[in-house]
Ligand code: F0G
């Protein structure tokens, strides 16, 4: 590995180790905390080998017209800022990244915000933001000669891992909570050839078990405790800054589950700021589901100094996580940027998801917490109308079609969850109607349509 360029630093005690020295579970031997990848030559302002900001912008722009496989990846196009491989020809890529940044005109108008955008990470090859992290960490697994890789997952990580493992020619093991992941995601793990074990445990239990397993067998752990995952997942920050002509938006809103993504986006913007690629960092706010809100509680009850696990429950199964591994890194991203951490109800998530769908974008339930959270932040006066806001949409709408169909059929939410919002929900529902096969009957069906 390229130890000169990169090393691992413990976020708890500050211990520094070479990349290949990390324990199988990626926990520090001294204090048990997680590691950040750091680049000693340039990570600090004034470092000796800092890449030149103007040069980077030029090279990255040039690569957009290149046909080289690495250049076509929205992750490896920025490889100067993730020198984690000895040899970049080991990169395992599915042309991830390069996702669109959509203007959300309707939501912007409803919220009276001038500039609201969605960075749609659900348009990655396996349909979620996990691909950007998986290309990075899977490449490390391949370069280090592992035959097996594994993850615990609420579904998207397993889909991404199974696909990238298949591309790399590696075998993959998936641990998932039985009955608690969306079918679309489970079908992907099967399709890409993973060994998939459904456990009578929640996500947190699956991850705990896997951390034990990797200590006993030469299996490379690919959950976001693996710091190389976050190196890939920081690259959407580069894409966003590039789309805004190398300025940062005022506010970035990210869903929070295991809290790897918010941590990674924080790292991406921090590094750009330190290297002089952008002049400021955006506020980073993290939104959780009310039934899976350990970080919200940590801020509310413990000033984010400690976190008590909760028993998580939400229909947004992707973020049904009670003991998030990367919570300290996420706290850092929120605090250093002046962001907020809040939670939203099941009804708020369902409404926001339908509104994102009605913009022609669509996303999975966990992604919709971002819009639901923005509404709250706006109502509390924490986001001004002149601010530029970006929502991270983390997964594709087809990942969890059951959720969408149940919402539109009026079968998703219980009565007590919708109290006071019945009219709002009725205005968004679009159930499929059974109609006679005649022009008159179909034209008649249009009459009932309100939008
Ligand atoms: N959105 C989606 C669609 C997800 O799949 C996840 C996490 C998140 C948001 C939360 O991101 O964990 O980095 O805070 N899914 C993981 C998985 C846990 O196993 O697929 P996070």
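The values are calculated or read from the model by the stated rules, or taken from the named source; none is laboratory data. Quantities reported herein were computed from a predicted structural model and do not represent experimental measurements. Please note: Cβ atoms are built from the backbone with ideal geometry, for glycine as well, and neighbour counts cover all protein chains shown.
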Exercise. Has segment 220-227 got any residue that is touching a strand residue (DSSP E or B) at 6+ places or on another chain (Cβ under 8 Å), assigned to a helix (DSSP H, G or I) and either more than 12 Å from the ligand (Cβ to nearest atom) or on the phi < 0 side of the Ramachandran plot (or both)?
Worked result: yes
Exercise. Hey, among 141, 189, 150, 163, which residue is in a helix (DSSP H, G or I), within 27 Å of residue 312 (Cβ to Cβ) and in contact with a strand residue (DSSP E or B) (Cβ under 8 Å, 6 or more places away or on another chain)?
Worked result: 189
Seminar exercise, completed: Sole miss for residue 417 among (1) closer than 22 Å to residue 256 by Cα; (2) in a loop (DSSP other than H, G, I, E, B) is condition (2)
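Just checking, does segment 238-245 include any residue being under 21 Å from the mean Cα position of the chain (by Cα), assigned to a helix (DSSP H, G or I) and within 14 Å of the ligand (Cβ to nearest atom)? Even if it seems obvious, please write down each step before you answer.
Of the residues in segment 238-245, the ones under 21 Å from the mean Cα position of the chain (by Cα) are 238-244.
So of that shortlist, the ones also assigned to a helix (DSSP H, G or I) come out as 238-243.
Checking which are within 14 Å of the ligand (Cβ to nearest atom) leaves us with none.
The answer is no; no qualifying residue exists.
Can you find a residue in segment 174-190 that is within 16 Å of the chain's Cα centre (by Cα), within 9 Å of the ligand (Cβ to nearest atom) and either surrounded by 24 or more Cβ atoms within 10 Å (Cβ to Cβ) or under 22 Å from residue 19 (Cβ atoms) (or both)?
Step one: list which residues in segment 174-190 are within 16 Å of the chain's Cα centre (by Cα), which gives 185.
Those left that are additionally within 9 Å of the ligand (Cβ to nearest atom): 185.
When the remaining residues are screened for being either surrounded by 24 or more Cβ atoms within 10 Å (Cβ to Cβ) or under 22 Å from residue 19 (Cβ atoms) (or both), the result is 185.
Yes: one or more hits.
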Exercise. Conditions: (1) within 13 Å of the ligand (Cβ to nearest atom); (2) touching a residue at least 60 places away in the same chain (Cβ under 8 Å); (3) touching a strand residue (DSSP E or B) at 6+ places or on another chain (Cβ under 9 Å). Residue 400 meets all but one. Number of the miss?
Worked result: (3)
For this session: Take segment 31-44 and flag every residue that is part of a loop (DSSP other than H, G, I, E, B) and either touching a strand residue (DSSP E or B) at 6+ places or on another chain (Cβ under 7 Å) or at pLDDT below 95 (or both).
Result: 31, 33, 39, 40, 41, 42, 43, 44
Exercise. Does any residue of segment 422-440 turn out to be under 25 Å from residue 128 (Cβ atoms) and in contact (Cβ under 8 Å) with a residue 12 or more places away in the chain?
Worked result: yes
Exercise. In segment 195-202, is there at least one residue being assigned to a loop (DSSP other than H, G, I, E, B) and away from the ligand (no atom under 15 Å from the Cβ)?
Worked result: yes
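Kindly establish whether residue 369 is crowded, with 23+ Cβ neighbours inside 10 Å, touching a residue at least 12 places away in the same chain (Cβ under 8 Å) and over 28 Å from residue 206 (Cβ atoms). If you could, list the steps in order and put the result at the bottom.
On the way: crowded, with 23+ Cβ neighbours inside 10 Å: yes; touching a residue at least 12 places away in the same chain (Cβ under 8 Å): yes; over 28 Å from residue 206 (Cβ atoms): no.
Answer is no for this residue.
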Exercise. All but one of (1) in contact with a strand residue (DSSP E or B) (Cβ under 7 Å, 6 or more places away or on another chain); (2) touching a residue at least 60 places away in the same chain (Cβ under 8 Å); (3) surrounded by fewer than 24 Cβ atoms within 10 Å (Cβ to Cβ) hold for residue 341; which doesn't?
Worked result: (3)
Exercise. If a residue has to be farther than 15 Å from residue 379 by Cβ and either assigned to a helix (DSSP H, G or I) or modelled with pLDDT under 95 (or both) to count, how many in segment 98-119 make the cut?
Worked result: 5
For this session: Hey, can you tell me all the residues within segment 105-129 that are within 13 Å of the ligand (Cβ to nearest atom) and without any contact (Cβ under 8 Å) to a residue 40 or more places away in the chain?
Result: 124
For this session: Consider only pairs whose beta carbons are under 6 Å apart and that are at least six residues apart or on different chains; among these, list those whose first residue lies in segment 254-283 and is closer than 29 Å to residue 313 by Cα and touching a residue at least 40 places away in the same chain (Cβ under 8 Å) and whose second residue is in a strand (DSSP E or B) and more than 16 Å from the ligand (Cβ to nearest atom).
Result: 283/251
For this session: Report whether or not residue 264 is within 12 Å of the ligand (Cβ to nearest atom), assigned to a helix (DSSP H, G or I) and more than 17 Å from residue 25 (Cα to Cα).
Result: yes
